[in-house]
1. What do you reckon, is residue 23 of a type outside the set (Phe, Trp, Tyr), within 20 Å of residue 63 (Cβ to Cβ) and in contact with a helix residue (DSSP H, G or I) (Cβ under 8 Å, 6 or more places away or on another chain)?
2. Could you please tell me which pairs satisfy a Cβ distance under 7 Å, a separation of 6+ or placement on different chains, a first residue in region 52-63 that is without any contact (Cβ under 8 Å) to a residue 24 or more places away in the chain, and a second residue that is part of a helix (DSSP H, G or I) and surrounded by 12 or more Cβ atoms within 10 Å (Cβ to Cβ)?
3. Cβ-Cβ under 8 Å, sequence separation 6+ or interchain: first residue in region 7-33 and among the hydrophobic types (A, V, I, L, M, F, W, C), partner loosely packed, with under 12 Cβ neighbours inside 10 Å. Which pairs?
4. I need the full set of residues from region 35-68 which are small (Gly, Ala, Ser) and assigned to a helix (DSSP H, G or I), in order please.
5. For residue 41, are the conditions met, namely being surrounded by 10 or more Cβ atoms within 10 Å (Cβ to Cβ) and either touching a residue at least 12 places away in the same chain (Cβ under 8 Å) or in contact with a Phe, Trp or Tyr (Cβ under 6 Å, 6 or more places away or on another chain) (or both)?
6. Kindly indicate whether residue 13 is under 11 Å from the mean Cα position of the chain (by Cα) and surrounded by 11 or more Cβ atoms within 10 Å (Cβ to Cβ).
7. Any idea how many residues of region 50-79 are acidic (Asp, Glu) and surrounded by fewer than 13 Cβ atoms within 10 Å (Cβ to Cβ)?
8. Within region 28-37, identify whether any single residue is modelled with pLDDT of 90 or more, in contact with a helix residue (DSSP H, G or I) (Cβ under 7 Å, 6 or more places away or on another chain) and not hydrophobic (A, V, I, L, M, F, W, C), and answer yes or no.
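The values are calculated or read from the model by the stated rules, or taken from the named source; none is laboratory data. Just so we're clear, the structure is a prediction, and the values are computed from it rather than from any experiment. Every residue, glycine as well, gets a Cβ built from its backbone with ideal geometry; the counts of neighbours run over all protein chains shown.
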Amino acid sequence: MTSMLSLSENQIWLVALICLLAGIVRGFSGFALSALVMASAALIIPPIELIPVCWWLEICAGLMMIRGGWKDADRRLAV
């Protein structure tokens with residue numbers, strides 16, 4: 001995997017840690033996952049290559065929020 005990304009093992013662990021910490025911040029605040037990942041990981045990976053990473057992180061986080069919000073939603077009010 002390190003040859004595919006042209007990153008060292010330490011850099012991969014650092015990006016994973018950045019994503020984890022940004023996910024924790026999103027869990028508490030509800031936003032800022034992509035902003036934190038872009039601002040922090042852009043020092044290691046070019047921003048254009050981080051766009052798909054942030055996109056997948058946001059999709060996964062959104063799907064997890066749907067699971068909890070779907071049962072609490074007032075569907076009559078939404079329609």
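1. Values: of a type outside the set (Phe, Trp, Tyr): yes; within 20 Å of residue 63 (Cβ to Cβ): yes; in contact with a helix residue (DSSP H, G or I) (Cβ under 8 Å, 6 or more places away or on another chain): yes.
Yes; evaluated as a whole, the condition is true for this residue.
2. Here the result reads 54/34; 54/37; 54/38, each pair linking region 52-63 to a residue that is part of a helix (DSSP H, G or I) and surrounded by 12 or more Cβ atoms within 10 Å (Cβ to Cβ).
3. Qualifying pairs under 8 Å: 12/1; 12/2.
4. Answer for region 35-68, where residues must be small (Gly, Ala, Ser) and assigned to a helix (DSSP H, G or I): 35, 39, 40, 41, 61, 62, 68.
5. Details: surrounded by 10 or more Cβ atoms within 10 Å (Cβ to Cβ): yes; either touching a residue at least 12 places away in the same chain (Cβ under 8 Å) or in contact with a Phe, Trp or Tyr (Cβ under 6 Å, 6 or more places away or on another chain) (or both): yes.
Yes; evaluated as a whole, the condition is true for this residue.
6. Numbers: under 11 Å from the mean Cα position of the chain (by Cα): no; surrounded by 11 or more Cβ atoms within 10 Å (Cβ to Cβ): yes.
Judged against the criteria, residue 13 is not a match.
7. Quick first cut of region 50-79, residues acidic (Asp, Glu) only: 58, 72, 74.
Those left that are additionally surrounded by fewer than 13 Cβ atoms within 10 Å (Cβ to Cβ): 72, 74.
Total meeting the criteria: 2.
8. yes
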